[in-house]
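Participant: One structure coming up, written as structure tokens, with questions to follow.
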Amino acid sequence: MEEINNIEVVPCTESNYLKPFRLLYNQNGTKKSWDFMRTHDSVSVLIFNTTSHCFVLVKQFRPAVYMCEWEKAKTKTSQGAVKTEEGEASESQEGQSAAAEDTSSQWPPASAGVTYELCAGLVDKPDLSLEEIARQEVLEECGYDVPASKLKRITSYRSGVGVTGAKQTMFYAEVSDDNCVSAGGGEPREGELIEVVKVPLHEAMTFAYDERIPKTMGVIFSFIWFHNNMSPKYKISTNV
Ligand SMILES: O=c1ccn([C@@H]2O[C@H](COP(=O)(O)OP(=O)(O)O[C@H]3O[C@H](CO)[C@@H](O)[C@H](O)[C@H]3O)[C@@H](O)[C@H]2O)c(=O)[nH]1
Ligand SMILES: [Mg+2]
């Protein structure tokens, strides 16, 4: 799906997206410190297509996920083999010490960094409501034009409580093929490369609990929310 090359890892000294800080404080008389990142809040949207009875998800390459897989592959290489989540294995090269210098020989395939997610976006436009931002993300990433008033707020929660503590607000959008105005795929100007994928309703629970499919907690939670709140309107199979 993706072709990722010319990979370089460099220190992040300044960012529009993350700002690292250290909080020093006393808790019940004990001196403590905690390192955290300031980042944007976000919205996510569970999209259900009533024409095809499918959930509409996005699939994209996530550098942070990829680097976790790279760390894992590196450890395994030093033990003798490179292995990725999908179970692809390759023998490590002869002359391990020389290979250790050239990290490119240890990069896992790009697919190791691709995850299934709800359509989602950062809250980085102060003049827009959460619903408006969610509406824009549904249009840009998935190609469905739905009015903001049709977005139903599911709930909000803190994501990454140890590192960012940012709030994510989740919405539900019911769409039909008539609302589909483009193929989606994200904003090319922002360098977004997103694949729109459909998960049939009857496969949703199996999909949610299949650990071989890398995905966010939002996908799992929202499928369960749908099961609890939208059935019996739409029947969902739960043979897990
Ligand atoms: O280091 C960075 C970070 C972001 N971007 C740009 O910023 C955009 C952010 O896209 P957006 O759709 O607004 O946010 P997402 O990356 O989809 O992140 C959302 O979706 C994630 C998965 O659900 C959640 O973890 C996040 O909290 C949530 O904001 C990207 O496409 C890039 O264009 C960069 O170029 N470099
Ligand atoms: Mg996004």
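Bear in mind that the values in this text are calculations on the coordinates, not laboratory data. If you're wondering where the values come from, they're calculated on a predicted model, not measured in any experiment. Here the Cβ positions follow ideal geometry from the backbone for every residue, glycine too, while neighbour counts run over all protein chains shown.
Participant: Using 25 Å as the Cα-Cα cut-off, could you pick out the over-long pairs in Lys31/Lys72; Lys32/Lys72; Lys125/Lys152?
Facilitator: Pairs exceeding 25 Å: Lys31/Lys72; Lys32/Lys72.
Participant: Along the Cα→Cβ direction, 7 angstrom out, place labels at Glu211 and Ile7. What is the inter-label distance in nm?
Facilitator: Result: 2.3 nm between the two label points.
Participant: Fully extended, how many nm does the chain gain between Leu24 and Ala183 (0.36 nm per residue separation, minus their Cα-Cα distance)? Let's see the in-between values first.
Facilitator: Details: separation 159, 0.36 × 159 = 57.24 nm, distance 4.79 nm.
So the chain would gain 52.4 nm between Leu24 and Ala183.
Participant: Something else now. By how many nm would the segment from Val197 to His40 grow when fully extended, if each residue of separation counts as 0.36 nm and the alpha-carbon distance is taken off?
Facilitator: Numbers: separation 157, 0.36 × 157 = 56.52 nm, distance 2.58 nm.
Between Val197 and His40, full extension yields an extra 53.9 nm.
Participant: Positive end of the dipole of the stretch 125-225, charges at C-beta (+1 Lys, Arg; -1 Asp, Glu), about the Cα centre: which of Tyr209, Gly165, Pro126 has its Cα farthest in that direction?
Facilitator: Gly165
Participant: Another question, then. Starting from the eigenvalues of the Cα gyration tensor, five times each then square-rooted, give me the equivalent ellipsoid semi-axes of the stretch 114-196, largest first, whole Å.
Facilitator: Numbers: eigenvalues 91, 53, 31 Å².
Each semi-axis is √(5λ); the values are 21, 16, 12 Å.
Participant: In whole angstrom, how far apart do the alpha carbon centroids of the stretch 148-225 and the stretch 1-46 sit?
Facilitator: Their Cα centres are 22 Å away from one another.
Participant: Which whole-number percent gives the relative contact order of the stretch 146-240, counting Cα pairs below 8 Å spaced six or more residues apart? Mind dumping the intermediate values first?
Facilitator: Details: 81 pairs, mean separation 18.2, N = 95.
Once divided by the residue count of the stretch 146-240, the mean separation gives 19 percent.
Participant: Tell me, what ³J(HN,Hα) does each residue in the stretch 199-212 have, in order and in whole Hz, if you take phi through Karplus 6.51 cos²θ - 1.76 cosθ + 1.60 with θ = phi - 60° and put x for Gly and Pro?
Facilitator: 10, x, 3, 6, 9, 4, 5, 4, 4, 4, 9, 7, 5, 6
Participant: Stretched out fully, how many nm does the piece from His53 to Leu122 gain, at 0.36 nm a residue minus the Cα gap?
Facilitator: Roughly 22.1 nm would be gained on extension.
Participant: Between their Cα atoms, which of Lys74/Lys198; Lys167/Lys215; Lys19/Lys74 are more than 24 Å away from each other?
Facilitator: As for pairs spanning more than 24 Å Cα to Cα, those are Lys74/Lys198; Lys19/Lys74.
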